[in-house]
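Written out below as structure tokens is the structure these notes cover.
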Amino acid sequence: MNYNIALIHGDGIGPEIVDEAKKILDKVCEVYGHSFTYKNVLLGGASIDAHGVPLTGEAIEDAKSSDAVLMGSIGGDAKTSPWYQLDPSKRPEAGLLAIRKALNLFANLRPAYLYDELKAACPLKEDRIGDGFDMIIVRELTGGLYFGERKTFEENGVKTAVDTLSYNENEIRRIAVKAFEIAGKRRKKVTSVDKANVLDSSRLWRNIVEEVARDYPDITLEHMLVDNCAMQLVHNPGQFDVILTENMFGDILSDEASMVTGSIGMLSSASLNETSFGLYEPSHGSAPDIAGKGIANPIATILSAAMLLRFSLNLDKEADAVEAAVEKVLSEGYRTVDIMSEGCEKVGTSKMGDLIAERIR
């Protein structure tokens, strides 16, 4: 079958890692008889350089007309890049927020899985790691503080900034349903994270999640305050299966979970709307300090491509093959510099992509 894929190479190491993920998708086509038609789309700093804005209407339409979007990373060095001399509404990250909103990408999925081969890279003590961990964070992506009304003003000579945290029951219900559906295909446990001891928005969140849970009697629901969850992620990460939470909490907790795996360069993510459409990207940033050096780890982007195959194209067998190829390469001792350990062979970005592609069967 033929599928249309929008590619957002982005900034920093983005072009390098997207090229490797495309290499993997092309190999999938070769082995399984599919064909992909690619459309390059500009977002972030690359769009600012070309069009003066981080996201154009044309880019949104190109994304909407595709079956899925694969993205690298956007942004640059906030201290030195001219992009960060612009008004916040015209900076690279504003384009990312805008495309999420335009495509109605309300559900962000971030797996955090510890490969046996990378246990040495995990910063936790062995007794905390135990038999390893395999969790997925389901984060609401289009509501909360990041999209609420905001203003900065001066009153009686005092500068004041206000950000508004707002959720309605429909926004909470649809992300909760997504989390319970995912848990049904995993170990059947949802940990809903909030701050219900303080925030009205969290109390509503908890009530709606409990309503949704009644439709999934075979799934265990527990509630956890966000500060306790942050502690538990480093104390006993193996207890988690699906973590469900709102936008800002999810932003913070997913980055914490990613580092517990040993390297943020290993972790994929998917942002989905209410159909099968999604935007897929690595969890890490644009790493401008290593851009162009050929040393970036492409595995997170390659695993994001595997998620694209699974969630948007319904190609589970092909996704399994990509994930198995990644695990095979790691078991053979190949490492990029960020996950390098004694006795392994260090390889660059392109070589890692080649090795994974060669093992797709």
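The values are calculated or read from the model by the stated rules, or taken from the named source; none is laboratory data. Just so you know, these numbers come straight off a predicted model, no measurement behind them. So basically every Cβ, Gly included, is an ideal-geometry build from the backbone, and we count neighbours across all protein chains shown.
Scanning segment 72-104 for residues that are outside any helix (DSSP H, G or I), among the aliphatic types (A, V, I, L, M) and farther than 20 Å from residue 267 by Cα returns 78, 86, 103. Annotation note: Cβ proximity below 6 Å between a residue of segment 250-273 that is more than 22 Å from residue 195 (Cβ to Cβ) and a residue that is part of a strand (DSSP E or B) and not small (Gly, Ala, Ser) (sequence gap 6+ or interchain) occurs for 269/110; 269/281; 270/109; 270/280; 271/108; 271/279.
For segment 210-323, give me every one of the strands (runs of 3 or more DSSP E) that falls completely inside it and has 1 or more residues that are at pLDDT 95 or above and under 30 Å from residue 1 (Cα atoms). So that I can check it myself, show each step before the final result.
Working: elements: 220-225, 242-245, 268-272, 278-282.
The qualifying strands (runs of 3 or more DSSP E) are 268-272, 278-282.
Name every residue in segment 135-184 that is in a strand (DSSP E or B) and in contact (Cβ under 8 Å) with a residue 40 or more places away in the chain, in order of residue number. Those that are in a strand (DSSP E or B) and in contact (Cβ under 8 Å) with a residue 40 or more places away in the chain: 135, 136, 137, 138, 139, 140.
Are any residues in segment 30-50 assigned to a helix (DSSP H, G or I) and among the polar types (S, T, N, Q), and if so, which ones?
Applying the first criterion (assigned to a helix (DSSP H, G or I)) to segment 30-50 yields 30-32, 45-50.
Selection gives 47 alone.
For segment 17-29, the criterion of being assigned to a helix (DSSP H, G or I), buried (at least 24 other Cβ atoms within 10 Å of the Cβ) and among the acidic types (Asp, Glu) is met by at least one residue. A single entry from 250, 292, 265 fulfils the requirement of being over 30 Å from residue 202 (Cα atoms) and outside the structural domain of residue 62 (by TED's automatic domain parsing): 265.
Considering only residues in segment 95-104 that are buried (at least 20 other Cβ atoms within 10 Å of the Cβ) and of a type in the set (A, V, I, L, M, F, W, C), the one that is nearest to the chain's Cα centre (by Cα) turns out to be 96. When segment 324-348 is filtered for residues that are crowded, with 18+ Cβ neighbours inside 10 Å and either among the hydrophobic types (A, V, I, L, M, F, W, C) or assigned to a helix (DSSP H, G or I) (or both), the ones remaining, listed by number, are 325, 326, 329, 330, 338, 339, 347.
Of all the numbered requirements in (1) under 23 Å from the mean Cα position of the chain (by Cα); (2) in the same structural domain as residue 328 (by TED's automatic domain parsing), residue 118 misses one, and that requirement is (2).
Taking each residue of segment 53-77 that is under 15 Å from residue 98 (Cα atoms) and looking for partners that are of a type in the set (Lys, Arg) and surrounded by fewer than 24 Cβ atoms within 10 Å (Cβ to Cβ) with beta-carbon atoms closer than 9 Å, six or more apart or interchain, yields 53/90; 54/90; 54/91; 62/39; 63/39; 75/91.
Only one of the listed residues (53, 69) is among the β-branched types (Val, Ile, Thr), crowded, with 18+ Cβ neighbours inside 10 Å and outside any helix (DSSP H, G or I). That residue is 69. Across segment 145-155, the qualifying residues are those that are modelled with pLDDT of 95 or more and of a type outside the set (D, E, K, R), and the one among them that is farthest from the chain's Cα centre (by Cα) is 153. Comparison of 151, 189, 195, 159 shows that the only residue that is out of contact with any Cys (no Cβ under 9 Å at 6 or more places or on another chain) and closer than 27 Å to residue 276 by Cα is 189. Quick test of your reading of the structure: residue 12 fulfils all but one of (1) surrounded by fewer than 19 Cβ atoms within 10 Å (Cβ to Cβ); (2) assigned to a loop (DSSP other than H, G, I, E, B); (3) among the small types (Gly, Ala, Ser). Name the failing condition by number. Just one mismatch for residue 12, condition (1). Count of segment 202-238 residues, restricted to those that are in contact (Cβ under 8 Å) with a residue 60 or more places away in the chain and surrounded by fewer than 22 Cβ atoms within 10 Å (Cβ to Cβ), is 4. Annotation note: of 301, 275, the sole residue that is among the polar types (S, T, N, Q) and touching a strand residue (DSSP E or B) at 6+ places or on another chain (Cβ under 8 Å) is 301.
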